[in-house]
Amino acid sequence: MTPRSFLLTPELADYVRAGSEPLDDVAADLLDETAAMADRGEAPATFQIAPEQGVFMQLLTRLIRARRAIEIGTFTGFSALCIARGLPDDGSLLCLDRSEEWTAVARRYWERAGLAGRIELRLGDALTELRAVPAVETFDLAFVDADKTGYPAYVAELYDRMTPNGVVLLDNTLRSGRVLDPESDDDHALVALNAALVRDPRWETVLLPLADGLTVLRKR
């Protein structure tokens with residue numbers, strides 16, 4: 001099944017995708033393979049971002065003229081593919097993930113898209129790997145789609161590593177609507193973070209109802 005926003009009916013989701021830049025064969029094949037893995041129980045379907053979110057992220061990467069980007073939580077590589085395509089030829093994307101199995105799929109599609117030289121993948125605990133990155137203003141764009149209880153720590157560590165006006169994207173910040181009635185630790189973590197970020201003077205913040213909720217932060 002093609003990932004879509006929980007706010008949209010299947011028909012409206014199809015309409016949204018039809019009104020957005022279409023995916024090329026590489027991206028479409030990657031989504032199809034990931035969906036097949038989910039059908040076989042080899043990967044969680046909920047880990048895949050929606051196609052229109054990928055198109056938006058690629059466009060945003062170009063709009064802010066990002067040259068250096070970082071992604072925390074890569075899965076099978078669709079979001080990284082979109083970000084890397086939005087970077088200039090001399091741009092770079094650092095991906096942090098713990099799964100060798102899922103990122104092996106990502107590597108194949110990055111290679112097929114001609115982007116393998118633009119993407120560095122580091123396997124291991126994401127927070128440990130992030131803290132190993134020098135705390136200097138390096139990244140113009142960051143995308144976080146990993147363990148939800150870890151989001152506050154990721155945002156805190158990213159701040160010093162973002163350039164002025166750098167943009168951080170946080171995925172799943174609506175939790176399929178459960179932010180209104182949180183059930184799990186993940187839900188509660190995102191509710192608390194959403195409330196904290198809108199009061200944090202270091203960030204300009206907007207929570208967009210895109211896919212499962214996408215929070216956009218700009219470093220002031």
Specify which labelled value, from (1) 51, 34, 27; (2) 45, 37, 31; (3) 43, 41, 32, agrees with Cα extents along the principal axes in Å derived from the coordinates of the model shown.
(3)
Could you check the simple spin-label distance between residue 200 and residue 131, using points 7 Å along Cα→Cβ, in nm with one decimal?
1.7 nm
At R0 = 25 Å, FRET efficiency that the Cβ-Cβ distance of residue 89 and residue 123 yields, to 0.05:
0.45
Whole-Å distance, taken between Cα centres, linking region 150-220 and region 1-60:
22 Å
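Scan the chain and note any complete DSSP helix (H) whose C-alpha atoms cover at least 20 Å along its axis and whose Kyte-Doolittle average is 0.0 or more. List each step's numbers first, then the result.
On the way: long enough: 25-39 (21 Å, 0.30); 185-199 (22 Å, 0.35).
Span-like helices here: 25-39, 185-199.
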Highest to lowest packing among 169-177, 2-10, 87-95, scored as the average C-beta count within 10 Å:
169-177, 87-95, 2-10
Contact order relative to length of the chain, as percent, for alpha carbon pairs under 8 angstrom and 6 or more apart:
17 percent
Sites residue 15 and residue 218, calculated FRET efficiency, Cβ-Cβ separation with R0 22 Å, nearest 0.05
0.15
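Within the accessible area of region 1-73, what % is carbon and sulfur when the probe is 1.4 Å and the other protein chains stay in place?
On the way: 2340 of 4120 Å².
For region 1-73, the apolar C and S fraction of the accessible surface comes to 57 percent.
Subtracting the Cα-Cα distance from 0.36 nm times the residue separation, let me have the gained length for residue 32 to residue 100 in nm, one decimal.
Working: separation 68, 0.36 × 68 = 24.48 nm, distance 1.95 nm.
Stretched fully, the residue 32-residue 100 segment lengthens by 22.5 nm.
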Taking +1 at the Cβ of each Lys and Arg and -1 at the Cβ of each Asp and Glu, which of 176, 156, 166 sits farthest along the dipole of region 152-204 towards its positive end, judged by Cα position relative to the Cα centre?
166
With charges only on Cβ, +1 for K and R and -1 for D and E, what is the dipole size of region 73-220 about its Cα centre, in debye, rounded to 20?
360 debye
How many nm separate the modelled label positions at residue 153 and residue 42, each set 7 Å beyond the Cα in the direction of the Cβ?
3.1 nm
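For region 17-146, what does the alpha-carbon gyration tensor say about shape, rounded, prolate or oblate, given a ≥ b ≥ c as the root eigenvalues, a/c under 1.5 as rounded, and a/b over b/c as prolate? Show your work: numbers first, answer last.
Numbers: a/c = 1.76, a/b = 1.16, b/c = 1.51.
Taking the square roots of the gyration eigenvalues as a ≥ b ≥ c, region 17-146 is oblate.
Among residues other than residue 152 whose Cβ falls under 13 Å from its Cβ, what is the net charge (Lys/Arg +1, Asp/Glu -1)? All intermediate terms of the calculation are to be shown ahead of the outcome.
Details: positive: 148; negative: 147, 157, 185, 186, 200.
Neighbourhood net charge equals -4.
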Å² per residue, accessible surface of region 169-216 at 1.4 Å
49 Å²
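The values are calculated or read from the model by the stated rules, or taken from the named source; none is laboratory data. Everything numeric in this text was worked out from a predicted model, so none of it was measured. All Cβ positions, even for glycine, are placed from backbone atoms using ideal geometry, and neighbour counts span all protein chains on display. Ligands, DNA and RNA are stripped out before the accessible areas are found, and what is left, the full protein with its side chains, is counted by its heavy atoms. Shrake-Rupley method; radii C 1.70, N 1.55, O 1.52, S 1.80 Å.
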